[in-house]
């Protein structure tokens, strides 16, 4: 089943496309938004490389990374990708710091997780640093369970999973 745009009570999630690259490059260059993501902040070229991978993922799996818009304003991304660390299909979400604190990340991540399961992924993981409390709370609040911990760059990382 192909997944397209998703609507939540406050948000529109749309599959990433090349017309989004300026917004996504700005998000990925923002340390407050992307500093704790695997690989950290990204250059424009890295964001373009990521976009090519994300579009290829969509073509192959019929789901992937979505842009998040509130009232037509780009606020971040969410969705799934194949984790480069071999842990499988990973849920990710990143919002600009100014868009946080109102439950939008929870709303978007929950919709993306459900879309991934609807597209046929039985297991989806979400990984956050143990001290990244907001992300850990979101992962738990959308029904993911802590299943593993590991050390990356001296930080304790927590692996959450959703199995359907």
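Give the residues of the range 115-162 that are within 18 Å of residue 64 (Cα to Cα) and loosely packed, with under 13 Cβ neighbours inside 10 Å, sorted by residue number. Those that are within 18 Å of residue 64 (Cα to Cα) and loosely packed, with under 13 Cβ neighbours inside 10 Å: 120, 122. In summary, residue 66 fulfils each of the numbered conditions (1) surrounded by fewer than 20 Cβ atoms within 10 Å (Cβ to Cβ); (2) not in a helix (DSSP H, G or I) with the single exception of condition (1).
Of all the listed residues (94, 129, 119, 109), the sole one being touching a residue at least 60 places away in the same chain (Cβ under 8 Å) and within 13 Å of the chain's Cα centre (by Cα) is 94.
Taking the conditions (1) within 18 Å of residue 34 (Cα to Cα); (2) surrounded by fewer than 20 Cβ atoms within 10 Å (Cβ to Cβ) in turn, residue 76 satisfies each one other than (2). Checked against the criterion of being surrounded by 15 or more Cβ atoms within 10 Å (Cβ to Cβ) and out of contact with any helix residue (DSSP H, G or I) (no Cβ under 9 Å at 6 or more places or on another chain), the candidates 95, 104 yield just one match: 104.
Values in this text are rule-based calculations from the coordinates and carry no lab data. Keep in mind the model is a prediction, meaning the values are calculated, not measured. Cβ coordinates were reconstructed from backbone atoms using ideal geometry, including for glycine residues, and neighbour counts include every protein chain displayed.
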